[in-house]
1. Below 10 angstrom from the Cβ of Glu91, what's the summed charge of the other residues (Lys, Arg +1; Asp, Glu -1)?
2. What pairs from Lys135/Lys237; Lys15/Lys35; Lys144/Lys220; Lys3/Lys38; Lys135/Lys243; Lys143/Lys243 go past 32 Å between their alpha carbons?
3. Considering the dipole of the range 5-261 built from charges on the beta carbon (Lys and Arg +1, Asp and Glu -1) around the Cα centre, which of Ala18, Gly261, Ser115 is farthest to its positive end?
4. If we count every other residue with Cβ under 13 angstrom of Leu36's Cβ, Lys/Arg +1 and Asp/Glu -1, where does the sum land?
5. Let me know the charge dipole size of the range 103-229 about its Cα centre in debye, to the nearest 20, where only the beta-carbon of Lys, Arg (+1) and Asp, Glu (-1) is charged.
6. Could you tally the net charge around Asp226, taking each other residue with its Cβ under 12 Å from the Cβ of Asp226, Lys/Arg +1 and Asp/Glu -1?
7. Can you compute the charge dipole magnitude of the range 38-152 about its Cα centre, using +1 on each Lys and Arg Cβ and -1 on each Asp and Glu Cβ, nothing else charged? Give it in debye, rounded to the nearest 20.
8. State the dimensionless ratio Rg/Rh of the range 107-244 (Rg: radius of gyration of Cα atoms; Rh: Kirkwood radius).
Amino acid sequence: MNKTGAERIRKAFLKGKAFIPFLTCGDPDLEITEKLVKAAIENGADIIELGIPFSDPTAEGPVIQGANLRALQGGVTTDGIFEFVRELRKEVTVPFVFMTYANVVFSYGAEEFISTCQKIGVDGIILPDLPFEEKEEFAPICKKYGVALISMIAPTSDKRIAMIAREAEGFLYIVSSLGVTGTRSEITTDLSSIIKVVRENTDIPCAIGFGISTPGQAKKMAEISDGVIVGSAIVKKIEEYAKNAVLYVSNYVKEMKDAIGEL
């Protein structure tokens, strides 16, 4: 029997602490995104989070917003990204997770979008603007096609942490800080107590994202969780080096993976 996306994602955490880089599809173009995905995997990435650009990405800080705009101005479409992933899947076996907004899925047609994810080999989706209480909008369709609907837990989730954890699939995305994505000089949220509640309610792995940019931060976060997610710090390098970014991103992913690989 074919494994579901949730099972493939969980398996990626069995080899130790997982490193999950985020890339915006089509920034600077899909050809470079393909090279970046392959380079990240060669340097230790365990799961790849692929952003589908959206014109109004509410959870994003200026860095990832900029990447969304560059990709959209370059003519990237959801269909183009589906085709890109389909080709990539011929060579790449690590789990893929789409990060996008509920509106993108709605306007495409939820069933059509999620069934296509299954066909092209996308294992999960993250919708940061989808409140937990409204996930029934997508959850049954995701279940039908074996695509994990990945939940986020924020520092404000408070009494809902246990409930979100109990229904989690694939992995839990723990948001390190309040506000939008972006690198931070330090992360002050009491994440240990959030993760303690998660551990009491589920055995699903949890990865921390938002604001992690240095190997030291990554190591600190990986000590209390099962993995780290890094987006803005990578997207910043792509913005800076554009078509020459592959080498810089490769070295950075290796550095981050090495930092958490020692745990």
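1. Details: positive: Lys38, Arg89, Lys90; negative: Glu34, Glu87.
Around Glu91, the charge tally is +1.
2. Numbers: Lys135/Lys237 34 Å; Lys15/Lys35 24 Å; Lys144/Lys220 37 Å; Lys3/Lys38 23 Å; Lys135/Lys243 38 Å; Lys143/Lys243 38 Å.
Those over the limit are Lys135/Lys237; Lys144/Lys220; Lys135/Lys243; Lys143/Lys243.
3. Looking along the dipole axis, the top candidate is Gly261.
4. Summing Lys/Arg as +1 and Asp/Glu as -1 gives -3.
5. That gives a dipole near 280 debye.
6. Values: positive: Arg10, Lys15, Lys17, Arg199; negative: Asp46, Asp203, Glu223.
Its environment carries a net charge of +1.
7. 340
8. Details: Rg = 16.0 Å, Rh = 16.1 Å.
Expressed as Rg/Rh, it is 0.99.
A short reminder: the numbers here are calculations on the coordinates, not readings from a lab. Because the structure is predicted, anything quoted here is derived from the model rather than measured. Counting neighbours? That spans all protein chains shown, and the Cβs are built from the backbone with ideal geometry, glycine included.
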